1. In segment 60-96, which trypsin sites (Lys or Arg not before Pro) fall in coil by DSSP and have 10 or fewer other Cβ atoms within 10 Å?
2. Over 19 Å between Cα atoms: which of LYS112/LYS154; LYS11/LYS112; LYS46/LYS154; LYS15/LYS94 fall into that group?
3. Using only Cα atoms, locate the centre of segment 96-121 and the centre of segment 1-80, then give the distance between them in Å, rounded to an integer.
4. Taking the Cβ of PHE35 as the center, what net charge do the other residues with Cβ under 12 Å away carry, scoring Lys and Arg +1 and Asp and Glu -1?
5. Could you check what % of the DSSP bridge pairs in segment 1-104 are antiparallel, to the nearest 5?
6. Per-residue accessible area for TYR3 at 1.4 Å probe radius, Å² rounded to 10?
7. Which order do ILE9, ILE62, ILE170 take by accessible area at a 1.4 Å probe, largest first?
8. As a test of the definition: which semi-axes, in Å, follow for segment 53-116 when you take the square root of five times each eigenvalue of its alpha carbon gyration tensor? Largest first, please.
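The values are calculated or read from the model by the stated rules, or taken from the named source; none is laboratory data. Predicted model, so just to flag it, every value in this text is computed and none were measured. Every residue, glycine as well, gets a Cβ built from its backbone with ideal geometry; the counts of neighbours run over all protein chains shown. Surface accessibility is based on the protein's heavy atoms, side chains included, excluding ligands, DNA and RNA. Shrake-Rupley method; radii C 1.70, N 1.55, O 1.52, S 1.80 Å.
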Amino acid sequence: MSYKTIEYIPKYDEKIKIILKTNGNVFTPTATSDFLISAVASNINKVDKLLDLGCGNGIVGISLSKLNKANKIYCSDISNEAVKFAELNIKLNKCSGKAIKSNIFSNWNGHKFDIIVDDISGISEKVAKLSEWFKNVPCDSGDDGTANIEKVLKESKNFLNKNGKIFFPIIS
């Protein structure tokens with residue numbers, strides 16, 4: 001598996017440096033990543049279990065672990081390559097957790113989390129087909145981009161512990 005190494009510094013706390021292995025077939029950190037990490041970190045105390053849905057290379061879960069906001073991180077993505085990089089990056093950054101391939105919650109039966117962070121793309125499939133961002137990344141979000149977030153919102157209650165929270169970006 002070919003890769004490049006990048007350095008990521010969360011805007012929430014610029015004293016933390018995260019090293020990531022990634023490649024062009026996996027989403028890398030964006031402004032959305034920064035917004036999501038900051039929003040979660042600002043609104044939670046430390047939790048035991050955090051699920052990072054649509055994890056890409058694992059940046060959101062790893063950042064929240066390094067920011068001391070989660071004891072264990074669980075990362076999942078529909079992409080085999082993303083899951084491999086997330087698993088590698090969890091170990092590289094000495095976080096406690098694991099990454100598995102899952103189409104939203106399909107492989108999380110029996111698991112409950114304190115926090116679910118949904119970073120699954122909400123872009124229209126039609127737009128994704130025209131975008132360089134989605135050149136090598138799957139997108140099955142429907143014509144208006146809401147198919148996956150609707151599923152996450154409907155099913156998340158089955159995977160959240162009592163008083164659990166879900167976070168997802170809303171970006172115009």
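1. Of the trypsin sites (Lys or Arg not before Pro), the ones in loops of segment 60-96 whose Cβ has at most 10 other Cβ atoms within 10 Å are LYS94.
2. Where the Cα-Cα span goes over 19 Å, the pairs concerned are LYS11/LYS112; LYS46/LYS154.
3. 14
4. Local net charge: -1.
5. So the antiparallel bridges in segment 1-104 amount to around 30 percent.
6. 120
7. ILE170, ILE9, ILE62
8. 17, 14, 9
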